[in-house]
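Working notes for the structure below.
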Amino acid sequence: MRPKRKLLTNPLKSMKFRISGIYLITESRPDLLQRVRTALQNGVRIVQYRGKGDFEEDLLILACKLRALCREYQVLFIVNDDPALALACKADGVHLGQSDGSVARARDILGGAALVGVSTHSVCEAVEAQHQGADYIGFGCLFPTLSKRDTVSASLEELRRVRAAVTLPIVAIGGIHLGNAALAIRAGADAVAVISAVMQADDCAAAVRDLSKACQGESSESL
Ligand code: TZP
Ligand code: MG
């Protein structure tokens, strides 16, 4: 049976929830919830639940717990890949890879107010995502990463071209850490998506604070 259509609020439409700063993507780990809470307390602006490695039967439970946590801190909550899971846990939206179905299909499942993000790796994909009606795009993989296999590399130069080609918020991704986050922001990204730099940091709170600081005050004009 098709899931019931549900209208989600779209906080992006209020400036309060502009896509900026640190976009945290989760990874499977025993201290997941505590770590995400610490990250939220220290300034993460958006959380994406990426359930790779989690047991199928835990996906909805974890998604609901993360959803509740994000609501507590009034932070956007996005589910990776799966509009049906996003609907079931009442997420603010879904993030789609190039092979996760169209923006229109995700909206059909989630309702028109849901946020839909799309992963892109080139100007062409970015323009197409905007044309399809995405709310933001991910762009990368900018730097080497151990968090995902089979990544498509994308340069800072291409990010500058994407910035010039689309008006959508851009979330830079791939191997971003304290030493290179500002480069991505200066090249035109509105936010940086990180997994390991926060999920594997010895001091998660300091990692989020330092990354946020590194992103603040940077802009595409300052290069
Ligand atoms: N998509 C492109 S790179 C990547 C994803 C999900 C992994 C990013 O992880 P990290 O640890 O921040 O490099
Ligand atoms: Mg995907």
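The values are calculated or read from the model by the stated rules, or taken from the named source; none is laboratory data. On a predicted model such as this, the values are computed, not experimentally measured, just so you know. Neighbour counts run over all protein chains shown; Cβ positions are idealised from the backbone, glycine included.
Summary of computed values
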read-out	value
Search result, residues across region 4-58 that are modelled with pLDDT under 90, surrounded by 12 or more Cβ atoms within 10 Å (Cβ to Cβ) and under 22 Å from Ile109 (Cα atoms)	Arg5, Lys6, Leu8, Thr9, Asn10, Pro11, Leu12
Breaking point among (1) surrounded by fewer than 22 Cβ atoms within 10 Å (Cβ to Cβ); (2) within 16 Å of ligand 2 (Cβ to nearest atom); (3) free of Cβ contacts under 8 Å to residues at least 60 places away in the same chain, for Ser147	(3)
Within region 166-219, considering residues that are more than 25 Å from Ala129 (Cα to Cα), polar (S, T, N, Q) and part of a loop (DSSP other than H, G, I, E, B), the one modelled with the lowest pLDDT	Gln216
Scope region 88-113; condition hydrophobic (A, V, I, L, M, F, W, C) and either in contact with a Pro (Cβ under 6 Å, 6 or more places away or on another chain) or at pLDDT 95 or above (or both); matching residues	Ala88, Cys89, Ala91, Val94, Leu96, Val103, Ala104, Ala106, Ile109, Leu110
Residues of region 105-128 satisfying the condition of being over 22 Å from Arg67 (Cα atoms) and assigned to a strand (DSSP E or B)	Thr120
Region 63-81, subset over 17 Å from the mean Cα position of the chain (by Cα) and of a type in the set (A, V, I, L, M, F, W, C), residue nearest to ligand 2 (Cβ to nearest atom)	Cys64
Neighbours by Cβ (under 7 Å, 6+ apart or cross-chain): first from region 109-130, under 14 Å from Lys90 (Cα atoms) and in contact (Cβ under 8 Å) with a residue 24 or more places away in the chain; second of a type in the set (Lys, Arg) and buried (at least 18 other Cβ atoms within 10 Å of the Cβ)	Ala114/Arg107
Of all residues in region 191-205 being within 11 Å of ligand 1 (Cβ to nearest atom) and surrounded by fewer than 20 Cβ atoms within 10 Å (Cβ to Cβ), the one that is nearest to Tyr136 (Cα to Cα)	Ser196
Every residue from region 59-104 that is without any contact (Cβ under 8 Å) to a residue 24 or more places away in the chain, of a type in the set (Val, Ile, Thr) and either crowded, with 23+ Cβ neighbours inside 10 Å or part of a loop (DSSP other than H, G, I, E, B) (or both)	Val94
Single unsatisfied condition, Asp100 versus (1) among the acidic types (Asp, Glu); (2) within 17 Å of Arg50 (Cβ to Cβ); (3) away from ligand 2 (no atom under 13 Å from the Cβ)	(3)
